[in-house]
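Below is one structure, written out as structure tokens; the observations come after it.
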Amino acid sequence: MSILEFNQLLLINSDFLNPFAITLTRDTESAKDLVQETMYKAIANREKYNNGTNIKAWLYTIMRNIFINDYRKRTRQQTIFDATHNDFLLNYNQPAISNMAESKLKIKEIKTTIHRLPGIFKEPFLLYFEGYKYNEIAQALREPLGTIKSRIHFARKLLKKRISRF
């Protein structure tokens, strides 16, 4: 097969590569790059193509192999090797000194806001916050289930209004 015939065969079958490239990469720009790389490899390895072989399958195999090799290369580049003897410090992304004052102030303000809620909202909300289920709260307070749900809902709304900056 001559170079001209091979190039024409590639051009005829190149349209089938775009959908496959998009399914592999899930990105149109990356898919275009993958198709271009596939065409380059096909032209560079023209002598490896056997006349009469399914050209689409040959191109799909080249594309899949390029994609897999690129994926493996990216994962190797993202791997960090650490020779630290202390495994506890590996992947420890916290600052060296932690300041708990700000978070304690926020928690204190949230608790005071909860305790400032009207009594009919505060009691069911605190029980819900402690982990009780709606039906357990309804039985404990001897109220209908719908009433408990609406009171907890309104308590949340009030808390959102009063603690809007968090």
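Brief remarks on what is shown
- Förster radius 35 Å - calculated FRET efficiency between residue 3 and residue 78 (Cβ-Cβ, nearest 0.05): 0.30
- Calculated [θ] (222 nm, deg cm²/dmol) that DSSP helices of n ≥ 4 give over the chain, each run adding -39,500 (n - 2.57): -22000 deg cm²/dmol
- A straight line joining the Cα centroids of region 97-143 and region 27-64 runs 62 Å.
- Here's the list of lysines a cross-link from residue 41 could span, going by alpha-carbon distance under 28 Å and ignoring same-chain residues fewer than 8 apart: 32, 56, 73.
- Straight-line cross-link partners of residue 160 among the lysines, defined as a Cα under 20 Å from its Cα and at least 8 positions apart when in the same chain: 104, 106, 108, 111, 122, 149.
- Cα-based reach from residue 157 at 17 Å (exclusive), listing aspartates and glutamates while leaving out same-chain residues under 8 positions away: 109, 123
- For q = 0.11, 0.14, 0.22, 0.24 Å⁻¹, Debye-computed log10 I/I(0) when each Cα of region 3-78 counts as one equal scatterer: -0.28, -0.44, -0.98, -1.12
- Working note: Cα atoms of region 101-162, range along each principal axis, descending, whole Å: 40, 20, 14.
- Residue among 17, 39, 145 farthest towards the positive dipole end of the chain, charges placed on Cβ: 145
- About the Cα centre, charge dipole magnitude for the chain (Lys/Arg +1, Asp/Glu -1 at Cβ), debye: 1200 debye
- Computed from Cα atoms, the angle from the helix 55-78 axis to the main principal axis of the chain rounds to 50 degrees.
Bear in mind that the values in this text are calculations on the coordinates, not laboratory data. Since the model is a prediction, treat every value here as computed from it, not as a measurement. Backbone-built Cβ (ideal geometry, glycine too); neighbour counts: all protein chains shown.
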